[in-house]
Structures are given as C-alpha cells and as structure tokens.
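Have a look at the structure below before the remarks.
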Amino acid sequence: MSSKTVVIGGGIVGLSCAYMLMKKGHEVTVIDKSDISDNTSFGNAGLVSPFEEPPLSRPGIITSTLKLMLKNQSPLLINGISPKIIKWLWQFAKNANEQRLKRTLILFEKYGEITMNHYEQMAKEFEFDFHQTGVAMVYTDMESFKNDSKECETHPYKEVWDNRKTKEMAPCVNEKVVGSIFLKRNAHLNPAMLMTNFVTYLKEKGVKFILNTQIINFEFQNGKAKKALSKDQSFEADNFIISTGSDVSLSRKTGVDLMLTPAKGYSITFKMDKKLKPKTALLFKDQFIGFIPRSDSVRITSKLELGNHDYSYKMSRFESILNTLKPFVEEFEIKEPKYWTGFRPLTPNDIPLFGRDENYDNILHANGLGWLGITFAPAIGDLVSKLIDKDIENKKSDDVLLFSGFYQGC
Ligand SMILES: Cc1cc2nc3c(=O)[nH]c(=O)nc-3n(C[C@H](O)[C@H](O)[C@H](O)COP(=O)(O)OP(=O)(O)OC[C@H]3O[C@@H](n4cnc5c(N)ncnc54)[C@H](O)[C@@H]3O)c2cc1C
C-alpha cells in the first residue's frame, strides 16, 4: 500500500531510501537542514568497495595504528576523551577479532552485491562517473605485502601486481611502492556528481525536497510519531526515516543513543598532470590514503579524527596527508586544489544501524555507514524501503537481524 514518508537527512543514505520508496510508488519528501550541496556524501573518495576489503575493526589494526603513530603517520587522531569515546573505542577493540572479521566479510559480500546491482541500474538513469574498474590496494611495507599476497594466487577476484605493473596502472607511484593487490570487483564514482544528479533525478520523479529546515523533534501519539517538527513548521507522514549521518541528536528524541561517533576525514581535489594520473582507484593500504582518478581531476582522502564535530580545519592536516604520501609518489603539481572535511558516522564494528525504532515503530533509522556510506547506501535504502513497503517488523526481517548493529550486541 502506498504511504507518505518523510526522509530526514539528504545525504547518500537518505536519497537512496527516497529512491527505493519512490520506485515502489510511495509519496516521499526529503527534508534537510542544509541545501544539500556539501554534506559528507559529496567530498569523500567515492569508492564502492564492498568486496575483499577488510573492515576497519580487524585483527592487527591496533598494532599497525600504534606503529604509524610512532612514525607520526597515523591517520587516527583522538581529540579529547569522553565517556562515549571510551565506550566506542572499547567496542572497537572488542570487535577487532578473526570471528567478527569473517562474519563482516560475508555480510559485505551479500549486501555488496545488492549495492552493485543498484548502482548499475542507477547509472542507466543518471550520470555519476561510475567505473567498475577495480581498486588497487597499494603497499609500501614489504612484510604486509608478502603476508596479504599469500592467499591471492588462488583467489578469483584478487590479483597481485609488482611495482612495475603498479606503476603502469598508477604512473604517480615511485620505486618505494613494493606492489599492490588489485581487487577486481570494486568500483569508484564521483560522489558530488552522484549527489547533485541524484537530487535532480528524484525531483523529476516527484520526490519533494524541503531544504534549509532542521527537524528538531517529533510529535508523538499512541506509540507513533505523528509529525516531524522544525522550529516553525510541522510535517505529517505515515513513516519517518532518520538518515542524519554523523548528527545523531534527532535519533536521541526517540530515546535511542546510537553507538556511532563522528570520524572526521579530509579530501583534497585537484587537477593533475595527465601523464601521472592513476588509471585506477588507489588505496595506500599502509597509510590509509585514497588516491582516486576522476574525469577532470584527482582526489586524495585520509584521516580519521574522533572526538569532535567541528568542520573547521587547519591546513597542517592536509599538509600532513601530502607529507605522508610524498615518499611513495613522483613529484607532482597540485593545481587548483579544493580542500574539504566531512564526518563519517562510524560504528565500532563497521556494521550499520538501521531498522524500525523500538519505541516508535513508524520511525526508521538508516545510519552508521561510517567509511562505507557510498558503498552500502543503496543496499540500506533497499532494505529500509522494504520494511515500509511490506510493513515488516524488525523481528520478521532477516536482513535487519543479520546486518543491523541494533542486533549485534554493541
Ligand atoms: C574523507 C572521507 C572519505 C570517504 N570515502 C568513502 C569511500 O571511498 N567510500 C564510501 O563508501 N564511503 C566513504 N566515506 C564515507 C561516506 O562519505 C559516508 O558514510 C556517507 O557520506 C554518509 O552518508 P549519510 O547520508 O549517512 O550522511 P551525510 O552525507 O552526512 O548526510 C546527512 C544529512 O542529514 C542532514 N541532517 C542532519 N541532521 C538533520 C536534522 N536534524 N534535520 C534535517 N537534516 C539533518 C545533514 O544536513 C546532511 O545533509 C568517506 C568519508 C570521508 C569523510
């Protein structure tokens, strides 16, 4: 049955929910406190990398981060310790084990296929520079390269590249790069183009947008939300989706304290000499730096800063990313740079938080996609829209029970 849904938050997750509901014939309104021109879904690396890539909370992560910290190259920075950060870090450490890794990789595989199918369909409907050309994990440390290469010989979707082959595909790297592991099934896209053209496409298909309007609370009646409230307006609907990314203040109004933390990241987008431009998306594995080719530019992304939610930045953070990269790349000019920061809504186990609210069942949460929001947003949009379309409770949804952090004990 067709219903009226208000989606609060027009990042990639909110737009994906709106898209799936619109396709199923529902009336959808997206409300955003901004004008949807520069949220976290715009300035990220744009990797669609659900396959063969381990989650952040994996065995060995703590030792390798400490090693990088000693070399002053760590992407991780903790700005101020609060009880919530301590709890988050504790959960992160607890989840960095082999058993969790195995489970997460299987889940990523399952929901990655759903995502890829949707992106393939969406690419037929509007342009976002989508390339299913794989992602190369670039190594600068011989020991970790040798270790990770072991299982590749028999792996159908991984290929080991030596320095020569890596340089052929990424002329910007130098001889200090020991090699790379090419993950064949992953993809990349231009996130700002995706977001801009997605909004235009949804408007054309009848989705309404109410911008520059912050939802601050709900009006509740008989265990349901009746209206979403801004400072001076109210919006009535049958269902409400909260997809507010790293800002969880609205979710708290339902009595839920989502176990996620804003994790600040940085990107530099610039024009690069064509001769040095990578031919495929690169992820410098030992440094946690993305280097992504785009039709008219390249984008470098990095850093994971916990403990604040402040969009301002110091240029020294960008310089530190470039200095970390410098020993492993040829010298290149950074032409017409654009500097950007955004916040990943990061859960401690890389598992998203989605499903019906336990107190108000016509409120649905769609959040916590962390460093993989572009990757999994279409899958989450698909799953959340199904709950509404088929009027399914959490406990009757295998997908919620399997993939939502609400049911993973943290
Ligand atoms: C440097 C960096 C690199 C990244 N690289 C990748 C990558 O390569 N691949 C990948 O898959 N992911 C990547 N990510 C992660 C990805 O960008 C995020 O997971 C994703 O953008 C989050 O989308 P979202 O819709 O949840 O949140 P957002 O994009 O933050 O959107 C949330 C929206 O909600 C609105 N909002 C908040 N509160 C309210 C309210 N109360 N009322 C109304 N509106 C509200 C905000 O204005 C905002 O527009 C990266 C992130 C960073 C920072």
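The values are calculated or read from the model by the stated rules, or taken from the named source; none is laboratory data. Predicted model only: the values in this text are computed from it and were never measured. Because the Cβ atoms are built from the backbone with ideal geometry, glycine has one as well, and the counts that use them run over all protein chains shown. Heavy atoms of the whole protein, side chains included, go into the accessibility calculation; ligands, DNA and RNA do not. Shrake-Rupley method; radii C 1.70, N 1.55, O 1.52, S 1.80 Å.
Details
- Across Leu383, Leu211, Leu21, mean-square fluctuation computed from a Gaussian network of the chain (C-alpha pairs under 10 Å connected) peaks at Leu211.
- Hydrodynamic radius of region 1-105 per Kirkwood, over alpha carbon pairs, in Å: 17.5 Å
- Among the trypsin sites (Lys or Arg not before Pro) in region 33-107, those placed in a DSSP loop whose Cβ has at most 13 other Cβ atoms within 10 Å are Lys71.
- Taking a straight Cα-Cα cut-off under 16 Å and skipping sequence neighbours fewer than 8 places away in the same chain, the lysines within cross-link reach of Lys338 are Lys271, Lys314.
- Shape class for region 130-173: oblate, because the ratio a/c of the largest to smallest gyration tensor axis (alpha-carbon atoms, square roots of eigenvalues) is 1.5 or more and b/c is at least a/b.
- For Tyr201, Tyr313, the ranking by accessible surface with the largest value first comes to Tyr313, Tyr201, using a 1.4 Å probe.
- Region 24-43 and region 211-232 have Cα centres lying 17 Å from one another.
- Using only alpha-carbon positions in region 166-254, the gyration tensor eigenvalues give semi-axes of 44, 18, 12 Å once each is multiplied by 5 and square-rooted (largest first).
- Degrees separating the helix 191-204 axis from the principal Cα axis of the chain, which is the longest one: 30 degrees
- With every protein chain in place, region 50-106: carbon and sulfur % of accessible area (1.4 Å): 65 percent
- As a length-normalised measure over Cα pairs under 8 Å and 6 or more apart, the relative contact order of region 203-284 settles at 15 percent.
- Note on the chain: antiparallel DSSP beta bridges, both residues inside, total approximately 70 percent of the bridges counted.
- C-alpha long axis of helix 61-70 to longest principal axis of the chain, angle in °: 60 degrees
- Structural size metrics of the chain, computed from C-alpha coordinates, are Rg and Dmax of 20.8, 66 Å.
- Ranking Glu219, Glu319 by solvent-accessible area of protein heavy atoms (1.4 Å probe, all protein chains present), from largest to smallest, gives Glu319, Glu219.
- For region 213-321, Kirkwood radius (reciprocal of mean inverse C-alpha pair distance, Å): 17.6 Å
- GNM flexibility winner over the chain from Leu56, Leu364, Leu66 (Cα, springs under 10 Å): Leu66
- Angle in degrees between helix 315-325 and the longest Cα principal axis of the chain, rounded to the nearest 10: 50 degrees
- Per residue, in Å², the accessible surface of the chain once ligands and nucleic acids are set aside, probe 1.4 Å: 44 Å²
- Computed over region 265-393: relative contact order in percent, which uses C-alpha pairs under 8 Å that are six or more apart: 23 percent
- Remark: the chain carries a charge dipole of roughly 440 debye about the Cα centre, counting +1 on each Lys and Arg Cβ and -1 on each Asp and Glu Cβ.
- All-pairs Cα distance distribution in region 157-210, expressed in whole percent, bin size 10 Å: 20, 27, 19, 17, 15, 2
- Residue order for Glu330, Glu153, Glu98 - accessible surface, 1.4 angstrom probe, largest first: Glu153, Glu98, Glu330
- The value of relative contact order for the chain, using C-alpha pairs under 8 Å at least six residues apart, is 26 percent.
- Amide hydrogen neighbours beyond the local backbone of Asp273, cut-off 5 Å, H modeled: Glu333
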